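The values are calculated or read from the model by the stated rules, or taken from the named source; none is laboratory data. If you're wondering where the values come from, they're calculated on a predicted model, not measured in any experiment. A quick note on method: Cβ atoms are made from the backbone with ideal geometry, for glycine too, and the neighbour counts reach across all protein chains shown. Just the protein is used for accessible areas: all its heavy atoms, side chains included, with ligands, DNA and RNA removed. Shrake-Rupley method; radii C 1.70, N 1.55, O 1.52, S 1.80 Å.
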Amino acid sequence: MSISLEEVRHVARLARLKLTADEEARFAPQLANIIDYLGMLQELNTDNVPTTSQVTGLTNVTRADIISCAPRQDELLACSPLPKEDHQLLVPSVFS
Amino acid sequence: MSYTNLTISTAHQMLSAGKISPIDLTKHCLEQIEKTDPTINACITVIKEQAIAHAEDAAKRYKNGEPRGILDGIPLSIKDVFCIRNIRTTAASHILENFVPPYDATVIGKLKNAGAIFVSKTNTDEFTCGASTETSAFGVTKNPWNTETVAGGSSGGSAASIASGQCLGSLGTDTGGSIRQPAAFCNVTGLKVTYGRVSRYGVISMASSLDTIGPLARSAEDCAHLLEIIAGFDPNDSTTPQVPLKDYSMEAKKALPKYRIGIPQEYFGDALTEETKIAVESAAKVFEKMGCTLIPLSLPHTKYAVSVYYILSPSEVSSNMSRYDGIRFGPGPKKIPDDLQEYFFAAREEGFGDEMKRRIMIGTYALSAGYYDAYYKKAQKVRTLIIRDFEEAFKNVDALLTPVSPYPAFKIGDKSQDPLQMYLADTLTIPSSLAGIPGISLPCGFTSEHLPIGLQLLSPAFTEERLLQLGFHYQTATHHHLTCAPITI
């Protein structure tokens, strides 16, 4: 069940990571080693076992839709290093 | 006088009696940071002026005989993943190195109202992903007991700051052992709470089905005082159930019932060093002397826990890290590409360190088409089996007693080149994290090389008071927790 260099490149692309050749060479055997180890779960029969995605048992937690003014808009905008215009952030264009 | 093993409880008595002032105490901690941090590197940011200003306010309250409670005027450090308004919060990552949040995390607001004083933001593995603080973008934190060894992780900065006398307590986060293991490595007491007991609003996420927030301090009693302030339902965190709170510090001091304490055999396997085994077994005998019964038992799925964790937690990490794209968070690439996709690639390549890239890739792999059933779904099923192990055990026992870590603090660099070995460092803390149950890490002795050894106690969900009570009574019978690290002398 190990992972090939091709798969490492594919996964990196899915994860929006651009790896250098040096990183690929370093990560591929490390990831293969880890994924081989994780394979031990296959030896367990889990046919009738339900999945656990969370442990609180809480479902559909809602609260009143009340607008709070903290933090203020200008404070939030100040968190971003991007340029600002008319109380908005300027981001790179999606379509060139 | 020396404040280096001063507990919060004792400090509050001294402050109330006017024997010391919050200003002296805070200045002492800031001086201790100046003295020890060039060696230890526990702090990412030191909060000097604001700390002194807040200490002056606390001094006035004590002078008027109106302190806000036991935490008033107490200097604390805070792991650098908690948002404090107008204080830089980095998650030890380049991608957030200039992030200054405009709001307080819920628990930070609660501590501020209680009068606590923040002296530093402490080092951690990047986005809390690690067991040694070696993956921090701000350099490794060194262990105050031996500076060639790691302080543990990911809350290594928090544990080391207490052990170096830089503060009286700290807040950390624990996803797979990140409070308990550094506490054990640095001779500090650390509490991992039940999942959902403490609000995570305003705390930078790692793995959302596992992350918890808890205190580190010099005693179980101090952890109880901190928990009392930070615990509880929060409308801003939909994962906090409305389970009633306890008066934790009062419960901790109640006479110890004849608890049945389970000793799970899987936690005492071959990987355990002899010295750790001896120290933990003699700690068990202390509980026996106090009237508890030791019951050997088995948690059969223990060996699968690391595999489950290293599928589920990187999957959640890969999802949580998608917001760091150079637009929503992060400074963006140095050279702006024409194409938006390339912008994301470059921002993330420059912003994340190796371990984050590895975890994001493991998670993306486990969630990708063709592997989802074999890895992610399979791990979710085995998580159920691990939870059932604990449920079965707690039918017969009130708590479980184990080592925190198979070995004491390891040498810096020893495991950082082999990620799998680093993951296995959390073998004994991960199963309880998957089950969402609470655990406490208590100092229980030293190796022949004077490295601290930690004892772990686990109990059913929402019974933190039982762990704090066991811890309080253990620390009444022993004095390991008050032994000072060489750097403080």
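Here are the criteria: (1) within 12 Å of chain A (Cβ to nearest Cβ); (2) at positive phi. Tell me which single one B:GLY413 does not satisfy.
(1)
All but one of (1) surrounded by fewer than 20 Cβ atoms within 10 Å (Cβ to Cβ); (2) more than 30 Å from B:SER298 (Cα to Cα); (3) more than 8 Å from chain A (Cβ to nearest Cβ); (4) under 27 Å from the mean Cα position of the chain (by Cα) hold for B:ARG388; which doesn't?
(2)
Being touching a residue at least 24 places away in the same chain (Cβ under 8 Å), away from every other protein chain (no Cβ under 14 Å), open to solvent by 20 Å² or more (accessible area, probe 1.4 Å) and not β-branched (Val, Ile, Thr): is that true of B:GLU275 here?
yes
Could you look through the stretch A:72-93, keep only residues that are open to solvent by 100 Å² or more (accessible area, probe 1.4 Å) and in contact (Cβ under 8 Å) with a residue 12 or more places away in the chain, and pick out the one that is farthest from the other protein chains (Cβ to nearest Cβ)?
A:HIS87
If only one of B:LYS334, B:LYS357, B:LYS377, B:LYS381 is within 9 Å of chain A (Cβ to nearest Cβ) and open to solvent by 50 Å² or more (accessible area, probe 1.4 Å), which one is it?
B:LYS377
Considering every residue within the stretch A:6-19, establish whether at least one is farther than 24 Å from B:PHE344 by Cβ and not basic (Lys, Arg).
No.
Given the residues B:TYR343, B:TYR423, B:TYR324, which is the only one that is aromatic (Phe, Trp, Tyr) and more than 8 Å from chain A (Cβ to nearest Cβ)?
Just one listed residue meets the conditions, B:TYR324.
State yes or no: is B:THR429 over 30 Å from B:VAL100 (Cα atoms), open to solvent by less than 40 Å² (accessible area, probe 1.4 Å) and away from chain A (no Cβ under 11 Å)?
yes
Okay, residues lined up against (1) outside any helix (DSSP H, G or I); (2) open to solvent by less than 60 Å² (accessible area, probe 1.4 Å); (3) at pLDDT 90 or above:
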{"site": "A:ALA28", "(1), (2), (3)": "no, yes, yes"}
{"site": "A:LEU31", "(1), (2), (3)": "no, yes, yes"}
{"site": "A:TYR37", "(1), (2), (3)": "no, yes, yes"}
{"site": "A:GLN42", "(1), (2), (3)": "no, no, yes"}
{"site": "A:ASN45", "(1), (2), (3)": "yes, no, yes"}
{"site": "A:ASN48", "(1), (2), (3)": "yes, no, yes"}
{"site": "A:THR56", "(1), (2), (3)": "yes, yes, yes"}
{"site": "A:ALA70", "(1), (2), (3)": "yes, no, no"}
{"site": "A:PHE95", "(1), (2), (3)": "yes, no, no"}
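Looking at the stretch B:209-228, which of its residues are small (Gly, Ala, Ser) and crowded, with 24+ Cβ neighbours inside 10 Å?
B:GLY214, B:ALA217, B:SER219, B:ALA220, B:ALA224
Residue by residue, here is whether (1) within 7 Å of chain B (Cβ to nearest Cβ); (2) more than 22 Å from the chain's Cα centre (by Cα); (3) farther than 30 Å from B:GLN242 by Cβ; (4) hydroxyl-bearing (Ser, Thr, Tyr) holds:
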site: A:LEU17; (1), (2), (3), (4): yes, no, yes, no
site: A:ALA21; (1), (2), (3), (4): no, yes, yes, no
site: A:ALA28; (1), (2), (3), (4): no, no, yes, no
site: A:LEU31; (1), (2), (3), (4): yes, no, yes, no
site: A:ILE34; (1), (2), (3), (4): yes, no, yes, no
site: A:LEU41; (1), (2), (3), (4): yes, yes, yes, no
site: A:SER53; (1), (2), (3), (4): yes, no, no, yes
site: A:LEU58; (1), (2), (3), (4): yes, yes, no, no
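Taking interchain pairs and intrachain pairs at least six residues apart, which have beta carbon atoms under 6 angstrom, with the first residue in the stretch B:470-489 and among the β-branched types (Val, Ile, Thr) and the second open to solvent by less than 40 Å² (accessible area, probe 1.4 Å) and assigned to a helix (DSSP H, G or I)?
Filtered contacts from the stretch B:470-489: B:ILE487/B:THR36.
Starting from residues that are in contact (Cβ under 8 Å) with a residue 24 or more places away in the chain and of a type in the set (D, E, K, R), keep the ones in the stretch B:415-440 and report whichever is farthest from B:GLN456 (Cα to Cα).
Only one residue tops the list, namely B:LYS415.
Quick one: is A:ALA12 under 14 Å from B:ALA366 (Cα atoms), in a helix (DSSP H, G or I), open to solvent by less than 70 Å² (accessible area, probe 1.4 Å) and more than 7 Å from chain B (Cβ to nearest Cβ)?
No, not satisfied.
Quick check on my filter: what residues within the stretch B:31-55 are part of a helix (DSSP H, G or I) and within 19 Å of B:LEU111 (Cα to Cα)?
Those that are part of a helix (DSSP H, G or I) and within 19 Å of B:LEU111 (Cα to Cα): B:LYS48, B:GLU49, B:GLN50, B:ALA51, B:ILE52, B:ALA53, B:HIS54, B:ALA55.
On the given criteria, is B:PRO22 open to solvent by less than 30 Å² (accessible area, probe 1.4 Å), more than 25 Å from the chain's Cα centre (by Cα) and not polar (S, T, N, Q)?
yes
So which pairs qualify, if the first residue must be in the stretch B:244-261 and farther than 17 Å from B:GLY232 by Cα, the second must be of a type in the set (S, T, N, Q) and not in a loop (DSSP other than H, G, I, E, B), the Cβ gap must be under 6 Å, and the two must be at least 6 apart or on different chains?
Filtered contacts from the stretch B:244-261: B:ALA252/B:GLN469; B:ARG260/B:THR293.
Suppose we filter B:ARG218, B:ARG180, B:ARG197 for residues that are touching a His at 6+ places or on another chain (Cβ under 9 Å) and in contact (Cβ under 8 Å) with a residue 60 or more places away in the chain; which single one remains?
Of the residues listed, the single one that is touching a His at 6+ places or on another chain (Cβ under 9 Å) and in contact (Cβ under 8 Å) with a residue 60 or more places away in the chain is B:ARG218.
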